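For reference, the structure is listed below as structure tokens.
Values in this text are rule-based calculations from the coordinates and carry no lab data. Everything numeric in this text was worked out from a predicted model, so none of it was measured. So basically every Cβ, Gly included, is an ideal-geometry build from the backbone, and we count neighbours across all protein chains shown.
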Amino acid sequence: MEKKRGFAVVSRFAEAGLALPQRATRHSAGYDFTVAEDFLLPTVWRMNFVRLFRLIRNEHPLTDRDYERAEEVLKPYLVPTGIKAYMGDDEYLMLANRSSNPIKRGLILPNGVGIVDADYYNNPSNEGEIFFALVNFGVRDVVLHQGDRIGQGIFMPYLTADQDTGNDRDRAGGFGSSD
């Protein structure tokens with residue numbers, strides 16, 4: 001039987017005993033992803049960008065360095081899952097936040113959803129490992145422990161436009177490789 005879609009553990013976590021994503025119930029659309037290793041997500045409120053807010057509020061002139069310092073820290077953290085996904089050429093895996101994350105932990109997926117393309121699987125830069133990009137807007141740091149559920153993935157088909165001539169480029173790497 002030909003494999004259509006599914007999950008595998010990346011080689012760097014081969015001995016970590018990770019469980020493959022599973023659906024929580026028979027009617028669940030999403031496969032629950034868990035954290036591959038303990039991970040600290042610091043709160044945004046302790047970072048240098050708060051200094052920028054104070055400067056703005058007090059009407060101080062801002063320098064390029066002020067903006068650069070804020071941008072260095074105010075970005076998502078990539079939480080490793082240790083999992084890669086294979087699927088058909090006309091499919092993608094949509095990554096979504098758990099509905100409880102913003103309410104219970106203050107964690108958000110800043111781009112709303114993530115898209116894992118079929119050609120991300122086994123790419124040369126990171127073997128296709130799936131990461132969840134999260135920001136902690138809560139007031140306390142959050143420690144995620146190996147096995148904690150952090151998001152879900154839903155396999156989806158996609159359509160192409162009549163005018164699509166295709167692109168014969170091959171994926172060169174992981175995050176941002178098609179920029």
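Miscellaneous remarks
- Among Ala85, Ala14, Ala133, the residue with the largest mean-square fluctuation in a Gaussian network model of the chain, with springs joining Cα atoms closer than 10 Å, is Ala14.
- Between the amide H of Val142 and those of Leu41, Thr43, distances stay under 5 Å, these residues lying 5 or more places away or on another chain, with hydrogens modeled in the peptide plane.
- Gained length - Gln146 relative to Lys4, 0.36 nm times residue gap less alpha-carbon distance: 48.3 nm
- Spin-label model distance (nm) - Gln163 vs Val139, 7 Å beyond Cα toward Cβ: 5.2
- Acute angle (nearest 10 degrees) that the helix 64-73 long axis makes with the longest principal axis of the chain, alpha-carbon atoms: 50
- Correct choice for log10 I(q)/I(0) by the Debye sum over Cα atoms at q = 0.11, 0.14, 0.19 Å⁻¹ that was computed from the model, options [x] -0.58, -0.86, -1.28; [y] -0.43, -0.71, -1.43; [z] -0.49, -0.78, -1.37: [x]
- Considering only Lys104, Lys84, Lys75, the mean-square fluctuation computed in a Gaussian network model of the chain, springs between alpha carbons under 10 angstrom, is largest for Lys104.
- Comparing Ile103, Tyr92, Ile115 along the charge dipole axis of segment 85-132, the residue lying farthest to the positive side is Ile103, per the Cβ-charge model.
- With θ taken as phi - 60° and the Karplus curve 6.51 cos²θ - 1.76 cosθ + 1.60 applied, the whole-hertz 3J(HN,Hα) list for segment 114-130 is x, 10, 10, 7, 4, 7, 6, 4, 6, 5, x, 7, 8, 6, x, 4, 8 Hz, x standing for glycine and proline.
- GNM flexibility winner over the chain from Glu71, Glu37, Glu91 (Cα, springs under 10 Å): Glu71
- Neighbour count of at most 15 Cβ within 10 Å plus DSSP loop: longest chymotrypsin sites (Phe, Trp or Tyr not before Pro)-free window in the chain: 1-136
- The slack in the chain from Arg57 to Arg23, taken as 0.36 nm per residue of separation less the alpha-carbon distance, amounts to 7.6 nm.
- If R0 is 45 Å, the Cβ-Cβ spacing of Asp89 and Glu68 corresponds to a FRET efficiency of close to 0.65.
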